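K.L.:
Okay, handing you the structure first.
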Amino acid sequence: MGIKRCRLERYQQIKLVEMFVAQVTARTAADLVGVNYHTAHLFYHKLRDIITAHLELEFPFDGEVEVDESYFGGVRKGTRGRGAAGKVPVFGLLKRGGRVYACMIPDASSATLMPIIRAKVQPDSIVYTDCWTAYNALDVSEFHHERINHSEEYAVGKNHINGIENFWNQAKRCLRKYNGIPKQHFHLFLKECEFRFNYGSPKNQMHTLLKWCNLNTKKQSRKPLI
């Protein structure tokens, strides 16, 4: 899967990928590259589609895996976390010392979370959670289950979910700059956060995205942008 049916010059496409990696907004990128805002906005949307498609193909996690749900967005005051009004529920898994996987969920029930865990985590892995009741099913599953009671402590040796909670914090900081994301597109922005976390440095992100987009920099036009 790459960029298809794109009327932009190759050098413009590569420059927009560079702007995306640098977290430049589509409006600013359009001005710098010399294209229409809607063109840059659509190109960014295509990049998120490509990222989402590739991330779904990655291998299941094994070893030590942290899992947790979180809640994004919402404008209503009141309850926070589980049960908060106007929030988008999401679920994530993090392999310690490795990558993260995140997705939107309709709710945080065991019936919703367990199929995701089974699809993304190999049997006999150690799964760390908090004390949310939906995770009780892990006690009688093919996984080794460890839980931390956040009402009493946040870490006891290796028993914690600090890694996945750190990812949630990073993702919320990253998405805050958009001042609201349509719910129908939120999963794409969440995958963007997953991509940035998993692929580390901007240089590695750039190399990976150009490969996924089938953009060979050796064929880049030397035509200047200004």
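The values are calculated or read from the model by the stated rules, or taken from the named source; none is laboratory data. For clarity, every value in this text was computed on a predicted model and none was experimentally measured. Cβ sites come from the backbone with ideal geometry, for glycine too, and all protein chains shown count toward neighbours. Just so you know, the surface numbers come from the protein's heavy atoms only, side chains and all, with ligands and any DNA or RNA stripped out. Shrake-Rupley method; radii C 1.70, N 1.55, O 1.52, S 1.80 Å.
K.L.:
Could you put 130, 107, 139 in order of accessible surface area, largest first, with the 1.4 Å probe and the full protein assembly present?
P.N.:
Solvent-accessible surface, decreasing: 139, 107, 130.
K.L.:
While we're here: Suppose accessible area is computed on protein heavy atoms with a 1.4 Å probe; arrange 144, 185 from highest to lowest.
P.N.:
Result of the area sort, largest leading: 144, 185.
K.L.:
Taking the Cα centre of the chain as origin, work out the dipole magnitude from +1 charges on Lys and Arg Cβ and -1 charges on Asp and Glu Cβ, in debye rounded to 20.
P.N.:
So the magnitude is around 1680 debye.
K.L.:
What do you get for the angle between helix 186-198 and the principal long axis of the chain? Use alpha-carbon atoms, 0 to 90 degrees, nearest ten.
P.N.:
For helix 186-198, the angle is close to 90 degrees.
K.L.:
Keeping every protein chain in place, order 151, 110, 125 by accessible area at 1.4 Å, biggest value first, i.e. largest first.
P.N.:
So, going from the largest accessible area down, we get 151, 110, 125.
K.L.:
Related question: Can you tell me the 0 to 90 degree angle between the C-alpha axis of helix 162-176 and the longest principal axis of the chain, rounded to 10?
P.N.:
Here the helix axis deviates by roughly 40 degrees.
K.L.:
Here's another thing I want to ask about it. With just the Cα atoms defining each centre, how far is the range 106-126 from the range 145-177? Give it in Å.
P.N.:
If we compute the Cα centre of each part, the gap is 17 Å.
K.L.:
Please give the solvent-accessible surface of residue 118 in Å², to the nearest 10, using a probe radius of 1.4 Å with every protein chain present.
P.N.:
120 Å²
K.L.:
Over the range 123-226, calculate the relative contact order: mean separation of alpha carbon pairs under 8 Å at least 6 apart, over the residue count, as a percent.
P.N.:
Rounded, it is 16 percent for the range 123-226.
K.L.:
Using a 1.4 Å probe and ignoring any ligands, DNA or RNA, find the accessible area of residue 147 and quote it in Å² to the nearest 10.
P.N.:
70 Å²
K.L.:
Here is a further query. Only one of the listed values, (i) 1.13; (ii) 1.75; (iii) 1.09, was derived from the coordinates as Cα Rg over 2.2 N^0.38 Å; which label is it?
P.N.:
Only one listed value fits the structure, namely (i).
K.L.:
Would you please give the residues with an amide H less than 5 Å from that of residue 98, counting only those at least 5 places away or on a separate chain, with H modeled from the backbone geometry?
P.N.:
none
K.L.:
Which entries in the list 4/46; 87/183; 95/120; 120/211 go over 19 Å, if you measure between the two C-alpha atoms of each?
P.N.:
Where the Cα-Cα span goes over 19 Å, the pairs concerned are 120/211.
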